[in-house]
Amino acid sequence: MKFLSKLIATFCVVCAVMPAEAKQKADNYENFKVAIYTRAYEVQQMTDREWLETSWETISNQVKVDKIYLETHRDQLIIDKAEMKKIIKFFEDKGVEVAGGITYTISEMNDFETYCYQDPVERAKAQEIIELTAELFDEVILDDFFFTDCKCDLCIEAKGDRTWTEYRLELMHKAAEEVILGPAKRVNPDVKVIIKYPNWYDHFHGLGFDLEHGPKQFDGVYTGTETRDAVSSDQHLQPYLGYLVWRYYNNLAPGRNGGGWVDTGGMRYIDRYSEQLWITMFAKAPEITLFDYRSMLTPLSERNRAPWTGQGTSFDFDEMMKPVKIGKKEVTPTTVARAAGYSLEEVDKVLGFLGEPVGIKSYKPYHSSGEDFLQNYFGMIGIPMDIVPEFPAEEEFIILTEQAKYDKDIVAKIQKQLQDGKDVMITSGFLRAMQGKGIEKIVEMEYTDRKALITEVKAGWGALTPTKKPILMQQIQYFTNDSWEVISGMDAGLGWPIMHRGRVSNGTLYLLVVPDNFADLYNLPDNALNSIRSTVSKRVVPYTIEGPNNISLYVYDNNTIVVESFHDEEITFNVVAQSTPKNTATDVLTGEQLEGKARMTFSFGPAPAAPAQVTYSVTLKPHSYKALKFE
């Protein structure tokens, strides 16, 4: 008993003397941790103690920070070990968890010039950097650039007759073991080396990022969920990618995907930054890293205000700008740090209600490409997606894009699914890639070299509905009565399939004809989008939506969903509970209850009639979300 009393007394003393920052850290956020990544340039500035103290006070008074990544190297700038130890101590004294970071770039300004892992001199330098970092930290993250874009004469000679992809995958696999992981573990056996993969996953293998072996080699992975703005940024990534890419990497390394990573690049309004943070958290990432320390100090101004501000949107610019007390004193927000802090505080209120995400499985074999990033466009028309690296044979419905052609046994696997009473949807890109390679033995449909510029759509038995603009699509040819059009694209009295189906054994093979410009999916009329959503969701996901494009649906396994609008104006649409109808939907934030309306459904074709559905009318403000619980 004396020992127990002494232990309790010691614990109380420790709590009494614990820094205020450390006490606060324990309850920063309920559902995730927040980290800030610091480039070597800003770490170098931190050697000026006054700048370090004032800059940290500015940031920590506006956003609650659990962890900081301190970079030892970027663009051949290496931080002095003694100075880094002082900086580490500064943050540890503040109760902030500290980890290391490395960016293996020679020069970002020179088209992101990376190290050459064929060059003995540059290999030695890369090894020296990881050894230095492993001495200082027990956790090290490699930012984006542990790939190679080098095509020097050494590389050309070593490549031989192989493709650049073949050569680089082998080179970087060996470099991970010989240059990074082996040396790091020899210096510090306890060090965990995390590889952060960026957002351009469909092109990884061409630069040596190895998603087949890399997630197993490294101690963990991290996800670049930054999508910035699809119009103003060079990558033109769809917002949904921030959700889907985290789920994909989590499927590559289950339970070892450390978090999502968002930067402030390419924004027209601060709302776009906030959206990226929310989307990452809707994927249930356990940590969010804010890139970077410098960006957190960027001043906020009226030009960050969106035109829809003041309409009661999920991100309230004026509310965000109100005085706040996070640290020791009340401050008036002045920098991007507060936009991050406010956004994360708001989404934290929702996340505790959400279960584990579920979605329609789309099979992407390792090192595959084709119809690049197409699944994200599906996500932007309200189809909840989930990319997986292994064929999902257990699923009742799957979607195969052109990427699936990289599986040499894919036709046999499709046949097996259909015979097992499961449904498969293929895209027109997959049909083109597999034409003459066995797909015609399942359903005889031909991808022709003819195009159609459609201006109207016929969905089911409905009337013709105009498209939002003319859409260029491939003409697909098939045998009448062997398979059937579900949605037709029309022009001048002629029609071609947009969504097609053919009954095979105990299942159905669907074809979705994807426009030449993937974004033209958004120009299909609502009734066509509704038909596509209903078809892909009815056997797997218990909820779907009816209405326009640019609404994302995130579905969870505990009868909760999040719906998010990317429209610049208020939008109203239906949420449909289709396989397990519920009576009431409750907004988890406001407590508002939405009463559902029951309706019967009918079947066209061989499928049996679906159960009765319940629809709920939902209105979303511009660039806003709602989380609903069905009971």
*For residue 268, are the conditions met, namely being among the charged types (D, E, K, R) and more than 25 Å from residue 169 (Cβ to Cβ)?*
yes
*Starting from residues that are under 14 Å from residue 446 (Cβ atoms) and of a type in the set (Gly, Ala, Ser), keep the ones in segment 477-517 and report whichever is surrounded by the fewest Cβ atoms within 10 Å (Cβ to Cβ).*
502
_Count - residues of segment 208-220 that are outside any loop (DSSP other than H, G, I, E, B) and buried (at least 23 other Cβ atoms within 10 Å of the Cβ)_ = 0
*Name the residues in segment 257-293 that are within 15 Å of residue 99 (Cα to Cα) and assigned to a helix (DSSP H, G or I), would you?*
293
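Can you tell me which residue within segment 282-295, out of those that are over 24 Å from residue 350 (Cα atoms) and in contact (Cβ under 8 Å) with a residue 60 or more places away in the chain, is surrounded by the most Cβ atoms within 10 Å (Cβ to Cβ)?
Initially, segment 282-295 is screened for residues over 24 Å from residue 350 (Cα atoms), giving 292-295.
In the following step, the residues that additionally are in contact (Cβ under 8 Å) with a residue 60 or more places away in the chain were identified as 292-294.
Details: 292: 21, 293: 24, 294: 17.
That would be 293.
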*Of all the residues that make up segment 175-222, how many are farther than 19 Å from residue 253 by Cβ and of a type in the set (Gly, Ala, Ser)?*
3
*Tell me which residues, restricted to segment 82-130, are closer than 19 Å to residue 168 by Cβ, charged (D, E, K, R) and either in contact with a Cys (Cβ under 6 Å, 6 or more places away or on another chain) or exposed (fewer than 14 other Cβ atoms within 10 Å of the Cβ) (or both).*
111, 122
*Residues 185, 174, 192: which one is farther than 30 Å from residue 244 by Cα and free of Cβ contacts under 8 Å to residues at least 60 places away in the same chain?*
185
*So which residues in segment 542-585 are surrounded by fewer than 16 Cβ atoms within 10 Å (Cβ to Cβ) and among the acidic types (Asp, Glu), if there are any at all?*
557, 568, 569, 570
*Does residue 484 satisfy the condition of being assigned by TED's automatic domain parsing to the domain that holds residue 377, outside any helix (DSSP H, G or I) and touching a residue at least 60 places away in the same chain (Cβ under 8 Å)?*
yes
*Mind checking which residues of segment 230-278 are touching a residue at least 60 places away in the same chain (Cβ under 8 Å) and of a type in the set (Ser, Thr, Tyr)?*
240, 243, 248, 264, 273, 274
*In segment 429-472, what count of residues is obtained for those that are among the acidic types (Asp, Glu), out of contact with any Gly (no Cβ under 9 Å at 6 or more places or on another chain) and assigned to a strand (DSSP E or B)?*
2
*Based on what the data block shows, is residue 594 of a type in the set (A, V, I, L, M), over 27 Å from the mean Cα position of the chain (by Cα) and modelled with pLDDT of 75 or more?*
yes
*Filter segment 249-266 for residues that are hydrophobic (A, V, I, L, M, F, W, C) and over 12 Å from the mean Cα position of the chain (by Cα) and give the result.*
252, 253
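Quick grid of which residues meet (1) within 26 Å of residue 480 (Cα to Cα); (2) assigned to a strand (DSSP E or B); (3) free of Cβ contacts under 8 Å to residues at least 12 places away in the same chain:
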{"residue": "498", "(1), (2), (3)": "yes, yes, no"}
{"residue": "502", "(1), (2), (3)": "yes, yes, no"}
{"residue": "511", "(1), (2), (3)": "yes, yes, no"}
{"residue": "519", "(1), (2), (3)": "no, no, no"}
{"residue": "552", "(1), (2), (3)": "no, yes, no"}
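Going by the conditions given, is residue 399 touching a residue at least 12 places away in the same chain (Cβ under 8 Å), hydrophobic (A, V, I, L, M, F, W, C) and more than 18 Å from residue 540 (Cβ to Cβ)? I'd like the intermediate steps shown before the answer.
Working: touching a residue at least 12 places away in the same chain (Cβ under 8 Å): yes; hydrophobic (A, V, I, L, M, F, W, C): yes; more than 18 Å from residue 540 (Cβ to Cβ): no.
When the stated conditions are applied, residue 399 does not pass them.
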*Subset of segment 77-130 [farther than 30 Å from residue 34 by Cβ and not in a helix (DSSP H, G or I)]*: 106, 107, 110, 111, 113, 115, 116, 117, 118, 119
*asked:* Tell me the residue from 414, 426 that is outside any strand (DSSP E or B), in contact (Cβ under 8 Å) with a residue 60 or more places away in the chain and at negative phi, please.
replied: 414
*Looking at (1) assigned by TED's automatic domain parsing to the domain that holds residue 506; (2) in contact with a strand residue (DSSP E or B) (Cβ under 9 Å, 6 or more places away or on another chain), which is the only condition residue 335 fails?*
(1)
*asked:* With the requirement that a residue be out of contact with any helix residue (DSSP H, G or I) (no Cβ under 8 Å at 6 or more places or on another chain) and among the hydrophobic types (A, V, I, L, M, F, W, C), what does segment 68-90 give you?
replied: 82
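Return the residues of segment 267-287 that are of a type outside the set (Phe, Trp, Tyr) and either in contact with a helix residue (DSSP H, G or I) (Cβ under 6 Å, 6 or more places away or on another chain) or over 26 Å from residue 554 (Cβ atoms) (or both); say none if nothing qualifies.
So the first thing to find is which residues in segment 267-287 are of a type outside the set (Phe, Trp, Tyr), and the list is 267-268, 270-272, 274-277, 279-281, 283-287.
267, 270, 274, 276, 277, 279, 280, 281, 283, 285, listed by residue number.
Scan segment 306-318 and give yes if some residue there is outside any helix (DSSP H, G or I), among the acidic types (Asp, Glu) and over 29 Å from residue 46 (Cβ atoms), otherwise no.
Within segment 306-318, the first condition is being outside any helix (DSSP H, G or I), and the residues that meet it are 306-316.
Filter again for among the acidic types (Asp, Glu), leaving 316.
Filter once more, so that each one left must be over 29 Å from residue 46 (Cβ atoms): 316.
Looking through segment 306-318, at least one residue is outside any helix (DSSP H, G or I), among the acidic types (Asp, Glu) and over 29 Å from residue 46 (Cβ atoms).
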*asked:* Being in contact with a helix residue (DSSP H, G or I) (Cβ under 9 Å, 6 or more places away or on another chain) and at pLDDT 95 or above is the filter here; which residues of segment 91-114 pass it?
replied: 91, 93, 94, 95, 96, 97, 98, 100, 101, 102, 103, 104
*When residue 588 is evaluated against the numbered criteria (1) surrounded by fewer than 21 Cβ atoms within 10 Å (Cβ to Cβ); (2) over 24 Å from the mean Cα position of the chain (by Cα); (3) modelled with pLDDT of 95 or more, which criterion, by number, is the only one it fails?*
(2)
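Working only within segment 160-201, note down all residues that are in a helix (DSSP H, G or I) and charged (D, E, K, R).
166, 168, 170, 174, 177, 178, 185, 186 - these are the residues of segment 160-201 that are in a helix (DSSP H, G or I) and charged (D, E, K, R).
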_residue 343 vs. criteria modelled with pLDDT of 95 or more, buried (at least 21 other Cβ atoms within 10 Å of the Cβ) and in contact with a His (Cβ under 9 Å, 6 or more places away or on another chain)_ = no
*asked:* Any residue in segment 339-363 that is closer than 16 Å to residue 252 by Cα sitting within a Cβ distance under 7 Å of a residue that is modelled with pLDDT of 95 or more and part of a helix (DSSP H, G or I)? List the pairs, counting only those 6 or more apart or interchain.
replied: 357/247; 362/375; 363/404
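The values are calculated or read from the model by the stated rules, or taken from the named source; none is laboratory data. Since this is a predicted model, take the numbers as computed values, not measurements. Positions of Cβ are backbone-derived with ideal geometry, glycine not excepted, and every protein chain shown enters the neighbour counts.
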